[in-house]
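Engineer: One structure, as structure tokens, below. Some questions next.
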Amino acid sequence: MIELGNVIETEEIIKINDENQKITNDELAVEFPFTIFLNDVEIVTLLVTPFKLKFLTVGFLFDEGFLRHKDDIKSITIDEEKGVANVKTNQDINFIKEMLNKRLITSGCGRSSTFYNVKDSFFVINKRSFELNLQDIFNLNTVFQKKSELFKRTGCVHSSAICNINKILVFADDIGRHNSVDKVIGECILNDIDLFDKILLTTGRVSSDIVLKAGKVGLPVIVSHSAVTSLAIKFSKRLNIALLGFTRFKRVNVYNKGNICLKMKN
């Protein structure tokens with residue numbers, strides 16, 4: 001459970017309903033600029049919900065291709081007051097600068113760029129096959145949709161989770177859908193949770209950059225409450241990632257099955 005006092009602010013507003021109006025207090029999700037430095041090189045400033053910042057930092061650096069192994073990390077320092085992360089690694093400065101030159105414009109939420117392209121050799125092509133019951137997906141999604149206290153109070157965040165077929169293992173909220181994905185992936189990496197047989201649940205739309213994040217860390221399944229884009233489908237097929245969207249109670253659109261055998265329980 002997060003301390004919501006750190007991520008919620010209260011603002012006086014005028015609430016209008018038909019011809020009636022009243023002055024009341026409304027709860028708002030905090031938007032916070034957060035800058036990541038890697039070996040003293042400024043990488044990016046994200047607009048975030050200010051919790052799980054260490055996990056966000058690690059997830060972002062892995063998902064964007066700056067880091068490839070947990071052991072590359074020497075130290076992580078988070079200054080929450082200044083909104084700064086300083087990460088020291090074994091990476092060569094020239095490699096970092098080369099990655100910065102790969103920045104592309106994306107459909108970003110919370111930021112507007114990503115740092116690799118589809119020709120990057122570090123994407124994981126999923127080859128492991130396993131069976132998933134759609135009823136398990138529906139059950140997980142039901143729990144997932146009720147889990148965010150921050151959304152209940154503000155209506156202003158996206159949520160993501162890493163799951164196995166039985167339960168949610170890691171969960172995070174953020175004003176940015178990319179950030180929420182980075183947070184749960186970063187938490188798994190730092191806690192040595194293998195991602196190669198896990199499911200990414202998200203409330204946000206799945207654009208190509210979300211699929212590429214999954215491809216960087218070997219996630220085989222993405223399940224979204226929302227829509228997917230045409231390029232996301234193309235990339236999911238290229239990376240062999242199962243892609244499911246518009247997931248509701250007993251309803252789902254399967255855009256790509258990957259290596260997953262999808263079955264319904266009797």
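Engineer: Count, please, the residues in region 229-265 that happen to be assigned to a loop (DSSP other than H, G, I, E, B) and out of contact with any Gly (no Cβ under 7 Å at 6 or more places or on another chain).
Structural biologist: Going residue by residue through region 229-265, those that are assigned to a loop (DSSP other than H, G, I, E, B) are 229, 240-241, 249-250, 257-259, 264-265.
Checking which are out of contact with any Gly (no Cβ under 7 Å at 6 or more places or on another chain) leaves us with 229, 249-250, 257-259, 264-265.
Looking only at that region, the number is 8.
Engineer: Shifting gears a bit: Just checking, how many residues over region 237-252 are in contact (Cβ under 8 Å) with a residue 24 or more places away in the chain, over 18 Å from Lys213 (Cβ atoms) and of a type outside the set (Lys, Arg)?
Structural biologist: 3
Engineer: If Lys183 satisfies every condition in (1) surrounded by fewer than 24 Cβ atoms within 10 Å (Cβ to Cβ); (2) at pLDDT 95 or above; (3) basic (Lys, Arg) but one, which is the exception?
Structural biologist: (1)
Engineer: To continue, here is another question. So, in region 165-195, exactly how many residues are outside any helix (DSSP H, G or I) and under 12 Å from the mean Cα position of the chain (by Cα)?
Structural biologist: 7
Engineer: Only one residue in Lys237, Lys167 is at pLDDT below 95 and surrounded by fewer than 22 Cβ atoms within 10 Å (Cβ to Cβ), so which one is that?
Structural biologist: The conditions single out Lys237.
Engineer: Restricting attention to region 1-41, report how many residues are of a type in the set (D, E, K, R), in contact with a helix residue (DSSP H, G or I) (Cβ under 9 Å, 6 or more places away or on another chain) and free of Cβ contacts under 8 Å to residues at least 60 places away in the same chain.
Structural biologist: Qualifying residue count for the region: 2.
Engineer: Answer yes or no: is there a residue in region 77-94 that is touching an Asp or Glu at 6+ places or on another chain (Cβ under 7 Å), surrounded by 15 or more Cβ atoms within 10 Å (Cβ to Cβ) and within 24 Å of Phe171 (Cβ to Cβ).
Structural biologist: Here is the first cut: in region 77-94, the residues touching an Asp or Glu at 6+ places or on another chain (Cβ under 7 Å) are 89-91.
Adding the requirement that they be surrounded by 15 or more Cβ atoms within 10 Å (Cβ to Cβ) leaves 89, 91.
Next, only the ones that are within 24 Å of Phe171 (Cβ to Cβ) stay: none.
Among the residues of region 77-94, not one is touching an Asp or Glu at 6+ places or on another chain (Cβ under 7 Å), surrounded by 15 or more Cβ atoms within 10 Å (Cβ to Cβ) and within 24 Å of Phe171 (Cβ to Cβ), which makes the answer no.
Engineer: Same structure, new question: I'd like to know if region 199-207 contains one or more residues that are charged (D, E, K, R) and in contact (Cβ under 8 Å) with a residue 12 or more places away in the chain.
Structural biologist: Yes.
The values are calculated or read from the model by the stated rules, or taken from the named source; none is laboratory data. Treat the numbers as computed from the prediction; the structure is a model and nothing was measured. Cβ coordinates were reconstructed from backbone atoms using ideal geometry, including for glycine residues, and neighbour counts include every protein chain displayed.
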